[in-house]
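The numbers here are math on the coordinates, done by the rules we state, and not lab data. What you are looking at is a predicted structure, and each value in this text was computed from that prediction instead of being measured. Neighbour counts are summed over all protein chains in view; Cβ atoms, including those assigned to glycine, are modelled from backbone coordinates with ideal geometry.
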């Protein structure tokens, strides 16, 4: 698990979207598992084993939980038609609430439940690399803890995770290495525990945000629980 940090506008989300094929880079190359992938369509990128959890819980709000998860399995349909039930059961084991909301439309779920469903859709494709953009945004601490627990288990089974997270201490606590972006360039690359132990160093690149960050608000927790009961040197950013 690798964290990608940076102030607003540093290029974190753009990087993830470029990897996914949603935007085309003007220059440079993107490589995954020994293959150059910039220029591929999003569908081709997904077929290679890259799944993207975007910021904002990009679901099909008018479709049910079941239908959203089924679309998540779509990239696997030709390779493993018989694996749908097993993949679905894994998602329900990770997120029991989704089993309860099986026939409910995604647009009517709570914020926490929608983030669970977003994660479930991405994981249904059995990715080799999971791109995660702002997992904790607007969610209750208990929900965030559950989501990170799932990410750690997925990572332990062999899926690489590239994480963009606004709450820096949380990101560093759950990753092995971190890259800090500044104006679209990697300005720092360190083991996560080293960065966590030097907040003044990282805050100089994040505009003083470290130590000023706050976890999700209590109001968010109540809402969700009610539903649940200098020009820097360039560095490479390996993702394979």
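Length gained on full extension, residue 86 to residue 47: 12.1 nm, using 0.36 nm per residue less the C-alpha separation.
Label-to-label distance for residue 149 and residue 26 is 4.6 nm, based on points extended 7 Å past Cα in the beta-carbon direction.
Using a 7 Å offset from Cα along Cα-Cβ at residue 38, what residues in segment 1-20 end up with backbone N under 18 Å from the label point? Under cut-off, by backbone N: 10-20. A Förster radius of 30 Å combined with the Cβ-Cβ distance from residue 185 to residue 67 puts the calculated FRET efficiency at roughly 0.15.
The length gained on full extension between residue 103 and residue 176, counted as 0.36 nm times the residue separation minus their Cα-Cα distance, comes to 22.5 nm. Exposure proxy shown here: for 38, 198, the number of other Cβ atoms within 10 Å sets the order, fewest to most, as 198, 38. Applying 0.36 nm per residue to the separation of residue 93 and residue 128 and subtracting their alpha-carbon distance, the gain on full extension is 10.6 nm.
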